[in-house]
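K.L.:
Dumping the structure here so I can ask a few things about it.
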Amino acid sequence: MVKTNAMRLLEKAGISYKAMEYEVDEDHLAGEYVAEQIGMPPEQVFKTLVAKGEKKGIMVFCIPVNTELNLKKAAAVVGDKKIEMLHVKDLLSTTGYIRGGCSPVGMKKKYPTFMDETAILYDEITVSAGIRGCQLCIPSKQLIEFIEATLCDIAE
């Protein structure tokens, strides 16, 4: 298994995690597929989305894979009039990650991060390890604290 930057940062911070590998299918990058492959309920598998606000700039949102980001709720939470998803072609240069392998841990820069409030309902959740084919199962409270995420109602 390849050690990712996200893994190194968690280890350096003393946060335990379990790496969960799965078979990558380029035709099925959806989070529900990932949840099925690693044997976790989709509500505990979180996808990392990157958006840009009119005033606030780049922001990160983590939501369960079986939900969608509500852009109106997200804009209200961050205090911006309008936000839109970052174009896939800009994801690597902005975050250091590619689609299907974007982790809230270890981006190129520290961006304001917002996590759906349902994360706190679970002892552990998973997020991308920073590469396709690997998820990190992490105690939710430790992850929220480490990435300094704001818990809020942003998914639908």
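K.L.:
State yes or no: is Val65 surrounded by fewer than 16 Cβ atoms within 10 Å (Cβ to Cβ) and among the β-branched types (Val, Ile, Thr)? Working first, answer last.
P.N.:
Details: surrounded by fewer than 16 Cβ atoms within 10 Å (Cβ to Cβ): no; among the β-branched types (Val, Ile, Thr): yes.
Answer is no for this residue.
K.L.:
With Val88, Val34, Val78 as the choices, which residue is more than 30 Å from Glu11 (Cβ to Cβ), of a type in the set (A, V, I, L, M) and modelled with pLDDT under 95? Quick ask: steps written out before the conclusion?
P.N.:
Numbers: Val88 fails: more than 30 Å from Glu11 (Cβ to Cβ); Val34 fails: more than 30 Å from Glu11 (Cβ to Cβ).
Result of the check over Val88, Val34, Val78: Val78.
K.L.:
To continue, here is another question. Tell me yes or no: at least one residue of segment 97-113 is farther than 30 Å from Gly14 by Cα, surrounded by fewer than 16 Cβ atoms within 10 Å (Cβ to Cβ) and of a type in the set (Lys, Arg). Outline the logic, then answer.
P.N.:
Taking segment 97-113 and keeping what is farther than 30 Å from Gly14 by Cα, we get none.
No, the conditions are met nowhere in segment 97-113.
K.L.:
Next question. Assess whether Glu26 counts as being surrounded by fewer than 17 Cβ atoms within 10 Å (Cβ to Cβ) and closer than 23 Å to Asp153 by Cα.
P.N.:
Spelling it out, it is not the case that Glu26 is surrounded by fewer than 17 Cβ atoms within 10 Å (Cβ to Cβ) and closer than 23 Å to Asp153 by Cα.
K.L.:
Okay, next question. Please go through segment 143-156 and pick out each residue that is outside any strand (DSSP E or B) and either more than 13 Å from Pro104 (Cβ to Cβ) or in contact with a Phe, Trp or Tyr (Cβ under 6 Å, 6 or more places away or on another chain) (or both).
P.N.:
Asp153, Ile154, Glu156
K.L.:
For segment 7-50, how many residues are among the small types (Gly, Ala, Ser), within 20 Å of Leu151 (Cβ to Cβ) and touching a strand residue (DSSP E or B) at 6+ places or on another chain (Cβ under 8 Å)? Please lay out each step first, then the result.
P.N.:
First pass over segment 7-50, keeping only residues among the small types (Gly, Ala, Ser): 13-14, 16, 19, 30-31, 35, 39.
With the extra rule that they be within 20 Å of Leu151 (Cβ to Cβ), the set shrinks to 13, 31.
With touching a strand residue (DSSP E or B) at 6+ places or on another chain (Cβ under 8 Å) added as a condition, the list becomes 31.
Selection size over segment 7-50: 1.
K.L.:
Does Ala149 satisfy the condition of being in contact with a strand residue (DSSP E or B) (Cβ under 6 Å, 6 or more places away or on another chain), closer than 22 Å to Lys52 by Cα, among the small types (Gly, Ala, Ser) and at pLDDT 95 or above? Quick ask: steps written out before the conclusion?
P.N.:
On the way: in contact with a strand residue (DSSP E or B) (Cβ under 6 Å, 6 or more places away or on another chain): yes; closer than 22 Å to Lys52 by Cα: yes; among the small types (Gly, Ala, Ser): yes; at pLDDT 95 or above: yes.
So Ala149 fits the description; yes.
K.L.:
Could you grab me the full set of residues in segment 109-141 that are polar (S, T, N, Q) and either more than 19 Å from Ala30 (Cα to Cα) or out of contact with any helix residue (DSSP H, G or I) (no Cβ under 7 Å at 6 or more places or on another chain) (or both)?
P.N.:
To start, the set of residues in segment 109-141 that are polar (S, T, N, Q) comprises 113, 118, 126, 128, 135, 140.
Across segment 109-141, the qualifying residues are Thr113, Thr118, Ser128, Ser140.
The values are calculated or read from the model by the stated rules, or taken from the named source; none is laboratory data. What you see is a predicted model, and the numbers here were worked out from it, not measured in a lab. In this analysis, Cβ positions are derived from the backbone assuming ideal geometry, glycine residues included, and neighbour counts consider all displayed protein chains.
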